[in-house]
Amino acid sequence: MSSYNEKIALQIKDLLFSGDQSSENNSRRTILSSLLSIQDRFGYIPEIAIETIATYMNVSINDVWSVASFYKNFRFEPPAKHLIEVCWGPSCYFKDCSTMISMIFDLLGLDDEGTNRDGDISVRYNTCLGACAQGPVISIDGQLEGKLNGDTAVNLIKKLKESAN
Ligand code: FES
């Protein structure tokens with residue numbers, strides 16, 4: 001095990017399995033709750049987390065992996081520096097978010113959700129960002145931007161990239 005993985009494994013052990021193993025918290029712990037805690041802490045599920053959970057919960061790696069892979073919300077790659085969520089919910093759809101989304105993907109060299117080649121921006125779909133009257137809407141690092149079109153959205157992302165340089 002690399003020293004990086006050893007460090008992560010220790011952090012996971014402290015996060016999930018420290019203290020008295022018979023304590024109330026530990027007796028209620030499930031594979032799913034463990035994975036959720038890890039994603040909250042690290043922003044993704046590091047590979048070593050699967051093995052660490054299996055070891056400390058006395059289950060197989062396959063048991064942990066089957067839960068981790070079942071839920072779409074778990075991510076297995078470290079998050080990029082910036083996260084853009086693009087809304088494709090019904091209100092935004094009727095205001096032509098499709099054109100905007102496709103221009104955002106073109107700008108970042110993406111065909112679908114994921115992280116750009118520079119590794120600094122991830123894009124994810126969202127089914128409603130909760131600002132339907134402002135559609136089309138995107139969120140940049142949690143900040144909502146509404147009443148956009150393809151050009152205004154692309155300009156915002158260009159500015160984001162410039163500010164990072
Ligand atoms: S559908 Fe886009 S913000 Fe609600």
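The values are calculated or read from the model by the stated rules, or taken from the named source; none is laboratory data. Everything numeric here is computed off the predicted structure, so don't read it as measured data. Note that we place each Cβ from the backbone using ideal geometry, even for glycine, and neighbour counts take in every protein chain shown.
See the values below:
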| read-out | value |
| --- | --- |
| Scan of the range 133-165 for residues that are in a strand (DSSP E or B), within 11 Å of the ligand (Cβ to nearest atom) and of a type in the set (A, V, I, L, M, F, W, C), ordered by number | 138, 144 |
| The range 4-52: number of residues that are under 29 Å from residue 141 (Cα atoms), modelled with pLDDT under 90 and of a type in the set (Asp, Glu) | 2 |
| Close pairs from the range 87-101: first farther than 13 Å from residue 154 by Cα, partner among the polar types (S, T, N, Q) and near the ligand (Cβ under 6 Å from one of its atoms), Cβ under 7 Å, at least 6 apart | none |
| Matching residues in the range 103-132 - criterion: being buried (at least 18 other Cβ atoms within 10 Å of the Cβ), closer than 15 Å to residue 79 by Cα and within 16 Å of the ligand (Cβ to nearest atom) | 123 |
| Residue identified as in the same structural domain as residue 43 (by TED's automatic domain parsing), over 21 Å from the mean Cα position of the chain (by Cα) and surrounded by fewer than 17 Cβ atoms within 10 Å (Cβ to Cβ) among 98, 60 | 60 |
| Complete set of residues in the range 133-148 that are in contact with a helix residue (DSSP H, G or I) (Cβ under 8 Å, 6 or more places away or on another chain) and surrounded by 15 or more Cβ atoms within 10 Å (Cβ to Cβ) | 135, 136, 137, 138, 140, 145, 146, 148 |
| Selection count, the range 115-132, where residues are out of contact with any strand residue (DSSP E or B) (no Cβ under 8 Å at 6 or more places or on another chain) and either basic (Lys, Arg) or not in a loop (DSSP other than H, G, I, E, B) (or both) | 2 |
| Tabulated pairs, the range 141-163, first among the β-branched types (Val, Ile, Thr), second within 16 Å of the ligand (Cβ to nearest atom) and assigned to a helix (DSSP H, G or I), C-beta under 9 angstrom, 6+ apart or interchain | 152/100; 154/100; 154/104; 157/104 |
| Residue within the range 79-94 that is closer than 23 Å to residue 44 by Cβ, within 11 Å of the ligand (Cβ to nearest atom) and polar (S, T, N, Q) present | no |
